[in-house]
1. So if R0 is 30 Å, what FRET efficiency would N110 and Q26 give, r being the distance between their Cβ atoms, rounded to the nearest 0.05?
2. I'd like the distance between the alpha-carbon centres of the stretch 1-24 and the stretch 49-108, rounded to an integer number of Å.
3. Find out how many positive minus negative residues lie around I119, taking Lys and Arg as positive, Asp and Glu as negative, among other residues whose Cβ is under 11 Å from that of I119.
4. If you line up the Cα atoms of the chain on their principal axes, what length do they span on each, largest first, in Å?
5. Set Lys and Arg Cβ to +1 and Asp and Glu Cβ to -1, take the dipole of the chain about its Cα centre, and tell me which of A35, Y102, L92 lies farthest positive.
6. So for each of 21-33, 5-17 I average, over its residues, the number of other beta carbons within 10 Å; can you give me the resulting order with the highest mean first?
7. Any chance you could run the full-extension gain for Y78 through M138? It's 0.36 nm times the residue separation minus the Cα-Cα distance, nm to one decimal.
8. Per residue of the stretch 6-16, in order, report the coupling 6.51 cos²θ - 1.76 cosθ + 1.60 (Karplus, θ = phi - 60°) as ³J(HN,Hα) in whole Hz, putting x for Gly and Pro.
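Rule-based calculations on the coordinates, nothing more; no lab input. Predicted model only: the values in this text are computed from it and were never measured. All Cβ positions, glycine included, derive from the backbone under ideal geometry; neighbour counts span all protein chains shown.
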Amino acid sequence: MGLIYAEQVEEMDVEEMQATHENEIQILNDIDKLATQCQIQKTPTDALEAKLHEYVEHVHKHFANEERLMQKYNFPKYEMHKTAHDIFLSDLEHSSREWRKYGDFKKILNFIRKTPEWIVLHVNSVDAPTAAYLAQKMKED
Ligand SMILES: [Fe+2]
Ligand SMILES: [Fe+2]
């Protein structure tokens, strides 16, 4: 069973936002699967470590791209949306630092396993109205 399903998050009116969300959900589920295998088989964690790095990079690009679109189209609630991203990033950075410091992937894995709830809430209540606004502005362009 996966950590999170694409069906749990609302479909975005902006295709690139939708694609980013689907990719991120895929990465999260890959991490969950790899972490479970590592715990059962005690196999080397290279694939998992690579996925974790991919995830951190993906989140940064995901948020930066939404912020770029919001600025480009003068989204009125930009500050509120950006603050939500910044709070998440600071928690992510904290667990990443612990992971690097102790060489223990569980430091970041524990954080990641708690994120689906935040993601579903953020996508459905913050990204969805943002995407609806952006799609409207893009049509007028
Ligand atoms: Fe998003
Ligand atoms: Fe967002």
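1. Step by step, r from the Cβ atoms, then E = 0.90.
2. Centre-to-centre (Cα) distance: 16 Å.
3. Computed value for this residue: -2.
4. Largest to smallest, the principal-axis extents are 54, 29, 21 Å.
5. Among A35, Y102, L92, the one farthest towards the positive end of the dipole of the chain is Y102.
6. Final packing ranking: 21-33, 5-17.
7. Between Y78 and M138, full extension yields an extra 20.0 nm.
8. 4, 5, 6, 9, 5, 6, 7, 6, 10, 4, 5
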